[in-house]
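Trainee: Here it is: the structure, laid out below.
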Amino acid sequence: MTEDGRNCREVRRRIALGKEAFNKKKDLMQTSLSLHLRKHLVKVFVWSVVLYGSETWTLQKEDIWRLEAFEMCIWRRMMKVSWTEHKTNEEVLQIVDTEREIMDTLRSRQKRWKRSSDMIHY
């Protein structure tokens, strides 16, 4: 966290770690496994790395944009959709049969953390 309370470095670092985690499991993510299983693998192996510690982040618009762009990048890589195909994010989400979820997951983690920290009395 910087002096002004921003987490942009941590968000960028976590995204880089998430891309690295995806690349380590790329052969699993791009095989003939069912789509449902591959989506689950992404959430287990990649999103857990990216969202580790996100309960305490204070996000700026730029951070949210980066996380959403990362999510789309992962779905595109998983489905082998090249940028030269000119598919919109909505088309990719239809192919993956999902909606944008990473920010919803992050927000639910923040709410759970806030509720549990509110219950702690010193």
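Trainee: Select from the stretch 1-27 the residues that are modelled with pLDDT under 90, under 27 Å from Lys61 (Cβ atoms) and surrounded by fewer than 15 Cβ atoms within 10 Å (Cβ to Cβ) and list them in ascending order.
Mentor: Correct list: Met1, Thr2, Glu3, Asp4, Gly5, Arg9.
One line per residue, one yes/no per condition, for (1) without any contact (Cβ under 8 Å) to a residue 60 or more places away in the chain; (2) part of a helix (DSSP H, G or I); (3) more than 18 Å from Leu35 (Cα to Cα):
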| residue | (1), (2), (3) |
| --- | --- |
| Ser48 | yes, yes, yes |
| Thr58 | yes, no, yes |
| Phe70 | yes, yes, yes |
| Trp75 | yes, yes, no |
| Val81 | yes, no, no |
| Glu91 | yes, yes, no |
| Gln94 | yes, yes, no |
| Glu99 | yes, no, no |
| Met103 | yes, yes, yes |
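Trainee: For the stretch 28-46, what are the residues that are at pLDDT below 85 and either assigned to a helix (DSSP H, G or I) or under 11 Å from Asn7 (Cβ atoms) (or both)? Lay out the reasoning, then the answer.
Mentor: Just the residues of the stretch 28-46 that are at pLDDT below 85, to begin with: 28-32.
Those that are at pLDDT below 85 and either assigned to a helix (DSSP H, G or I) or under 11 Å from Asn7 (Cβ atoms) (or both): Leu28, Met29.
Trainee: Could you tell me whether any residue of the stretch 13-20 is among the hydrophobic types (A, V, I, L, M, F, W, C), within 28 Å of Gln110 (Cβ to Cβ) and not in a helix (DSSP H, G or I)?
Mentor: no
Trainee: With respect to the numbered conditions (1) in contact with a Leu (Cβ under 7 Å, 6 or more places away or on another chain); (2) buried (at least 18 other Cβ atoms within 10 Å of the Cβ), which one is the sole condition not fulfilled by Asp97?
Mentor: Every condition holds for Asp97 apart from (2).
Trainee: Oh, and also: Return the residue satisfying two criteria in turn: it lies in the stretch 49-80 and is among the β-branched types (Val, Ile, Thr) and more than 24 Å from Asp27 (Cβ to Cβ), and of such residues it is surrounded by the fewest Cβ atoms within 10 Å (Cβ to Cβ). Before the answer, list the steps.
Mentor: Just the residues of the stretch 49-80 that are among the β-branched types (Val, Ile, Thr), to begin with: 49-50, 56, 58, 64, 74.
Keeping just the survivors that are more than 24 Å from Asp27 (Cβ to Cβ) gives 56, 58, 64.
On the way: Thr56: 13, Thr58: 11, Ile64: 14.
Only one residue tops the list, namely Thr58.
Trainee: Would you confirm, using the coordinates I've provided, whether Arg77 is touching a Cys at 6+ places or on another chain (Cβ under 9 Å), within 18 Å of Arg14 (Cβ to Cβ) and basic (Lys, Arg)? Let's see the steps before the verdict.
Mentor: On the way: touching a Cys at 6+ places or on another chain (Cβ under 9 Å): no; within 18 Å of Arg14 (Cβ to Cβ): yes; basic (Lys, Arg): yes.
No.
Trainee: Now, a different point. Of the conditions (1) among the aromatic types (Phe, Trp, Tyr); (2) crowded, with 17+ Cβ neighbours inside 10 Å; (3) at pLDDT below 90; (4) over 18 Å from Ser108 (Cα atoms), Trp83 clears all except one; give me its number.
Mentor: (2)
Trainee: Looking only at the stretch 7-44, how many residues end up being in contact (Cβ under 8 Å) with a residue 40 or more places away in the chain and more than 14 Å from the chain's Cα centre (by Cα)?
Mentor: Within the stretch 7-44, residues that are in contact (Cβ under 8 Å) with a residue 40 or more places away in the chain and more than 14 Å from the chain's Cα centre (by Cα) number 7.
Trainee: What number goes with the only condition from (1) at pLDDT below 90; (2) more than 13 Å from the chain's Cα centre (by Cα) that Asn89 does not pass?
Mentor: The failed condition is (1).
The values are calculated or read from the model by the stated rules, or taken from the named source; none is laboratory data. Remember, it's a predicted structure, so these values are computed and weren't measured experimentally. Cβ atoms come from the backbone with ideal geometry, glycine included; neighbour counts cover every protein chain shown.
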